[in-house]
1. Give me the angle, in degrees from 0 to 90, between the Cα long axis of helix 590-604 and the longest principal axis of the Cα atoms of the chain, rounded to the nearest 10.
2. Once the Cα atoms of the range 138-214 are picked out, what are the Rg and Dmax in Å?
3. Principal axis lengths of the range 316-394 from Cα atoms, whole Å, largest first?
4. Take residue 489 and residue 371, extend 7 Å from each Cα along the Cα→Cβ direction, and tell me the distance between the two endpoints in nm.
5. Can you give the charge dipole size of the range 1-92 about its Cα centre, rounded to the nearest 20 debye, using +1 on the beta carbon of Lys and Arg and -1 on the beta carbon of Asp and Glu?
6. How high is the relative contact order of the chain, in percent, counting Cα pairs under 8 Å that sit 6 or more residues apart?
7. For residue 528 and residue 379 in one chain, what is 0.36 nm times their gap in residues minus the Cα-Cα distance, to one decimal in nm?
8. Can you tell me how the range 1-97 classifies by the Cα gyration tensor, rounded, prolate or oblate, using a/c under 1.5 as the rounded cut?
Amino acid sequence: MTMTITGYSNTTNQALKAWVEEVTRMCQPARVHWCDGSRAEHDRLCEEMVSHGAFTRLNPQLRPGCFLARSHASDVARVEDRTFICSKRPEDAGATNNWADPDEMRARLKGLFQGSMRGRTLYVIPFSMGPLGSPVAKIGIEITDSPYVVVNMGIMTRMGKPVLDALDSGSFIPCLHSVGAPLEPGQPDDYWPCEPDKDKKYIVHFPEEPSIWSYGSGYGGNALLGKKCLALRIASVLARREGWMAEHMLILALTSPKGKKYYIAAAFPSACGKTNLAMMQPTLPGWTVRCLGDDIAWIRIGADGHLYAVNPEYGFFGVAPGTSDKSNPHAMATITRNSIFTNVALTPEGDVWWEDIGKPPPPQMIDWEGNEWTPGCGRPAAHPNARFTAPAAQCPVIDPDWEKPEGVPISAFLFGGRRPSTIPLVNEAFSWEHGVFLGSAAGSETTSAALGKAGVLRRDPFAMLPFCGYQMGDYFAHWISMAQRTDRSKLPRIFFVNWFRKNKDGKWLWPGYGENSRVLKWICERIDGSGRATATPIGNLPAPDALDLSGMSMNPEDLRQLLAVDVPGWKNEVEDIDRNYAKLNHHLPPALKQQLDDLRRRLESA
Ligand code: OXD
Ligand code: MN
């Protein structure tokens, strides 16, 4: 049988040709298409998806170039318990990852991929994480049978002909994806084909090769393999090997009224407001924020010894619910055109709606599952993990340097999470090692409403728990080792922030959003040496009156709580960190054990 091959396949890369042929033999697609990444290709694929019900075109007057997709109800988020790190030794994946034997896993996957693309098109997607031609960029080739993945990868990465041309005969990271739903002759396609049984989904990383195999899911990080799989899990392994860092961090530029620019990178767990902070509109007069990235930073030591960060992505894959003109006006402006919305509600005018979008719902809508929805019906209209995919270049506050091949020099790292109690609004680390300790102890509290319980804390070190592709203790040691790789004075200062403190009645103590600029201003002042701080057992906190609260009304008792050291709370914190550290056994760096002991001692004498 001769196979129809379309698109731009003009490569002499023998390894790539051989791999595509091997996958084609295994997956048995009906057609092969090599993506060129052009606008015409994007438009044609979107049109095809509209014609078989996978996409709904939104009202071109309201949202030109925008589409809505509804996923299968079983396929709505990343599946952490089906995500595997298949290193040769289980110890190299570590206790925080699911490990499986690489040979057994490869055999199982080959069985699943056998014939998995029957009746479908196999798409070859050449993509670059990082600006094309930048010395830090990595080229991946994703093979997928999902046109939804193709158009999303076209927004999230630099993709197509220029990448294949730049690859030339060089090496690439193979990323194989199938939705796991072969079509028999005459069988009508589903609007969101996938493997509905969660236990048959596999998101698998072979870090030593490196390669990625993903089967059964079409959603987000499970399927857009450049993002979490390549740019974090695989990149974290490469970064350790090559002496750089791959982090779950936004990158922003903050400019003071005097025109001084500070670059800040910040790690928060998923859905803790990274996109909002990355493109924030400061309430402090004269300060501006420019965005360079909202999710991932690749960081290297530059020739001058400073740490330089690059955003490897090309778009935003943001959580829609909660995004509004109040929480993130710049994201709202970014998604007015050329964007894909997944699992949001559809209004009668052909626009999108989600919970907390900042305007009341119309009297009738179609919800994320395609059903009639009316206000008060008791169901959310959008799925809580509904997403928008939008080109970063459309962000009205994108930084002019966001595509600089060598990146931008970072002055401060921020860590944080949702912590209703104990953790102050902002805390500066005493040293690099103390900062690494704070990052290693990061976590986020969730509420367990059904049982009426207080917060349940999940430790999420450096916000990398689901994304570190190797042993977490070795990852901590890699962070510690950065102080030996460059002059300490050139390392960014480290701060821990918490926008999510609540009082005993469950009310937020801090307004957040644009008001966070007040905290960022103090951080800049600390970097410059002018900001006043009080040394406490947990770190340097803003001295009384050191935070600029001009023009804002703040209850003095709320402020006191936000900046107090909760000694009993921190003693519990120490014990919980100790329990989590114990899981790392001998991989825990001695410097962090020392930091924990020092903190315990300081709290005892507090
Ligand atoms: C995440 C994301 O889940 O960025 O962290 O999508
Ligand atoms: Mn993320």
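1. Around 40 degrees separate the two axes.
2. Final numbers for Rg and Dmax: 14.7, 41 Å.
3. Rounded to whole Å, the extents work out to 37, 23, 23 Å.
4. The two pseudo-label positions are separated by 6.5 nm.
5. On the way: 12 positive and 12 negative charges, 29 e Å.
That gives the range 1-92 a dipole magnitude of about 140 debye.
6. Numbers: 1314 pairs, mean separation 82.1, N = 606.
That works out to 14 percent.
7. Values: separation 149, 0.36 × 149 = 53.64 nm, distance 5.01 nm.
Full extension of this stretch gives 48.6 nm more.
8. Working: a/c = 2.33, a/b = 1.21, b/c = 1.93.
Judged from the Cα gyration tensor, the range 1-97 comes out oblate (a/c at least 1.5, b/c at or above a/b).
The values are calculated or read from the model by the stated rules, or taken from the named source; none is laboratory data. Remember, predicted model here, so these are calculated numbers, not experimental data. Because the Cβ atoms are built from the backbone with ideal geometry, glycine has one as well, and the counts that use them run over all protein chains shown. For the accessible areas, the whole protein counts, side chains as well, though only heavy atoms, and no ligand, DNA or RNA atoms are used. Shrake-Rupley method; radii C 1.70, N 1.55, O 1.52, S 1.80 Å.
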